[in-house]
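Quick notes on the structure that follows.
The values are calculated or read from the model by the stated rules, or taken from the named source; none is laboratory data. The structure presented is a predicted model; accordingly, all values stated were derived computationally and were not measured. We place every Cβ from the backbone using ideal geometry, glycine too, and count neighbours over all the protein chains shown. These accessible areas exclude ligands, DNA and RNA; they are computed on the full protein's heavy atoms, side chains included. Shrake-Rupley method; radii C 1.70, N 1.55, O 1.52, S 1.80 Å.
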Amino acid sequence: MFTQSIWKDTAPIYNFETLYNDISADVAIIGGGVTGISTARLLASKGLKTVVIESLKVGGGTSGHSTGNLYVTIDKNLGVLHDKYDRDTLIKVVESRSQALNRIESWVKELLLDCDFKRQNWNLYSATNESDDKIAQELEHARQAGLGMKEADPALFPLKISRGITLADQAQLNPMRYVQELAKAPGENMAIYECTRVNEIEESDEGVILKTTGGNVHADYAVMATHVPKGFDLLQTLLGPYREYGIACRADNIDFPEGIFWGYHQEGKKISSRLYERDGKRYILFIGEPHKVGQSKDNRQHLQVLTDFAREHYGLTEVVYRWSGQHYRPADLLPYIGRRSQHGRTFVATGFSTDGLVYGTLAAMMIADEITGTPNPYTELYNPRRFTPVKSAKNFISENVNVAATFLKDLPGGADKDAFSDIKAGEGAVVNYEGQKIAAFRSTENELHLNSAVCPHLKCIVNWNNAEKSWDCPCHGSRFSKDGLVLEGPAWGNLSRINFSDDLPEELDRDKN
């Protein structure tokens, strides 16, 4: 397997039952990642009967492919917030994230979760003096937000730097172990169903019905803890879907300091690194290379950039794990958390960027408060129904122009792409056959798997991801397995299967014989 998350390979994977009948609950939660499991545990502790419906495995989606870093700042740095918001907003963002980080630590201690949680320093550096100004500005913005960020001694960093700053008392963990352990920890009023896909939500004044592959779930409220709202939602026009990559290298004999290190390198490229130890083995993780989902010509190349970085800077050549994770960037830089419509019964939590472990926990705290009628000081700050045209305009326009251009580029009727016979074993390609866009994958047994290349969400054309062997939609981030099964994103269903009867293309006919 070319891609495998280090977290999935170093975590106990518990099994939860599959739904096979109709059930009822006070709250039905779609998604078994950090947001869904955290929301369920909080609501269950307040006496509400909760049920979590997970289409794959608990923690196996975005949570199990994250960095495992926990911090109160944000991935784009506080400077981007400072450019759009006032000081009070910066303080609230930091305070809210701090409360969520403390909630994670409290669960780890109270429930004795074996997830490698450790408090660490968070560090930001410039490898060349080209980015020294960014470091200076971030230090000032952090102090305005009430954080005790300090100048750092360059000698404390794992490589030669120009300038660095540090923030104490942040944290790291194994996210897959954390979500699995949190889901398995003893507790009442909480049921989890895996391998059960929600196909539709019906909402009325009386409640909601989740129509799943195993039965209907009747509840008073529903929570879309799916990283992005399912189906069509106007919020999707305010979100940019991105993938970012990670590798883990064996580093048993490398003297690498503890802590989380984010660095600006040549041309402003940002790469993060940190040490992870488990079962007597030492790894150094490198994270970076973000790009729009479905819009990379060669996904493997992004992993190669990180591999080259590890070799050139640390002499590391043994890459044990490679993976990538998905995130959604909000137009006005803040997540959307809360009730989907003013008086609706469905809640959403999305737009976390790469800060999802902390924001997902914060979302759980806020949604649990709103369902139980408890005031929350951050409700308006992250309100998904907020309207911020000035703060959102630039990102809204750029993301949606990108979507429109991608859609128009892939309208049927263009030039043919690779013929079926040109597709190598283990690879896929979109083939234009008689005006029909076909997502064709050839297995290692030389068998072709054919699906429509039209994403069922909003009819964009998917692209082949050669690193993770998936079909990725470049418009709104839906992803499908090589066989067309939906993996993540806003799409409810799979890519449509294509079955040629007697009218086989010549290439397919030849492959069958």
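General observations
- Helical contribution to [θ] at 222 nm, DSSP H n ≥ 4, -39,500 (n - 2.57), averaged over the chain, rounded to 500: -8000 deg cm²/dmol
- Accessible surface comparison of Thr39, Thr166, probe 1.4 Å, protein chains only, largest first: the order is Thr166, Thr39.
- With the simple spin-label model, which puts each label point 7 Å out from Cα in the Cβ direction, the Asp252 to Thr317 separation comes to 1.6 nm.
- Backbone HN-Hα couplings from phi across the range 35-45 [Karplus 6.51/-1.76/1.60, Hz, Gly and Pro as x]: 5, x, 5, 5, 4, 4, 5, 5, 5, 4, 5
- Straight-line reach from Lys184: taking Cα to Cα under 22 Å and skipping same-chain neighbours fewer than 8 places apart, the lysines in range are Lys8, Lys46, Lys49, Lys57, Lys109, Lys118.
- Solvent exposure of the chain, expressed per residue, is 42 Å² of accessible area, with all protein chains present and a 1.4 angstrom probe.
- Cα gyration tensor of the range 64-105 - equivalent ellipsoid semi-axes, whole Å, descending: 21, 14, 5
- Any cysteine of the chain lacking a neighbouring Cys Cβ under 4.7 Å - listed by number: Cys115, Cys195, Cys249
- Note on Lys46 and Thr128: the extension gain reaches 24.4 nm, defined as 0.36 nm multiplied by sequence separation minus the Cα-Cα distance.
- Approximating the spin labels as points 7 Å out from Cα along Cα→Cβ, the Asp279-to-Thr444 distance works out to 2.2 nm.
- Stretch gain in nm, segment Thr213-Lys297, where the contour uses 0.36 nm per residue and the Cα spacing is subtracted: 26.8 nm
- Theoretical FRET efficiency, 1/(1+(r/R0)^6), r = Cβ-Cβ of Asp169 and Val80, R0 30 Å, to 0.05: 0.85
- Diffusion coefficient, µm² s⁻¹, Stokes-Einstein with Kirkwood Rh over alpha-carbon pairs of the range 135-214 at 37 °C and 0.692 mPa s: 180 µm²/s
- Our estimate of slack between Asp220 and Arg497, defined as 0.36 nm per intervening residue step minus the Cα-Cα distance, is 96.2 nm.
- Legend: residues Glu188, Glu427, Glu95, sorted from most to least accessible area (1.4 Å probe; ligands, DNA and RNA excluded), read Glu188, Glu95, Glu427.
- Building the convex hull from the alpha-carbon atoms of the range 155-273 and averaging its projection over directions returns 13.2 nm².
- Cα pair distances exceeding 18 angstrom across the range 127-173, given as percent: 33 percent
- Taking all protein chains together and rolling a 1.4 Å probe, Tyr283 ends up with roughly 10 Å² accessible.
- Dipole magnitude of the chain about its Cα centre (Cβ charges: Lys, Arg +1; Asp, Glu -1), debye to nearest 20: 720 debye
- Note on His343 and Ala185: their simple-model spin labels are 3.8 nm apart, each label 7 Å out from Cα toward Cβ.
- Expressed as a whole percent, the accessible surface of the chain that belongs to carbon and sulfur atoms is 47, based on a 1.4 Å probe.
- Taking the DSSP bridge list for the chain and keeping only pairs wholly inside it, about 75 percent are antiparallel.
- Accessible area of Leu487 (1.4 Å probe, protein heavy atoms only, ligands and nucleic acids ignored): about 60 Å².
- Protection proxy ranking of 467-473, 174-180, by the mean of other Cβ atoms within 10 Å over each peptide's residues and highest first, is 174-180, 467-473.
- Two-site FRET efficiency, Met1 against Leu159, from Cβ-Cβ distance with R₀ of 30 Å, rounded to 0.05: 0.50
- Rg and Dmax of the chain, both derived from C-alpha coordinates alone, stand at 22.9, 72 Å.
- For Ala136 and Glu95, the FRET efficiency from 1/(1 + (r/R0)^6), where r spans their Cβ atoms and R0 equals 35 Å, is about 0.90.
- Largest to smallest in accessible area, the residues Asp332, Asp22 fall in the order Asp22, Asp332 (1.4 Å probe, all protein chains included).
- Taking every protein chain into account, the 1.4 Å probe leaves Tyr85 with about 30 Å² of accessible area, to the nearest ten.
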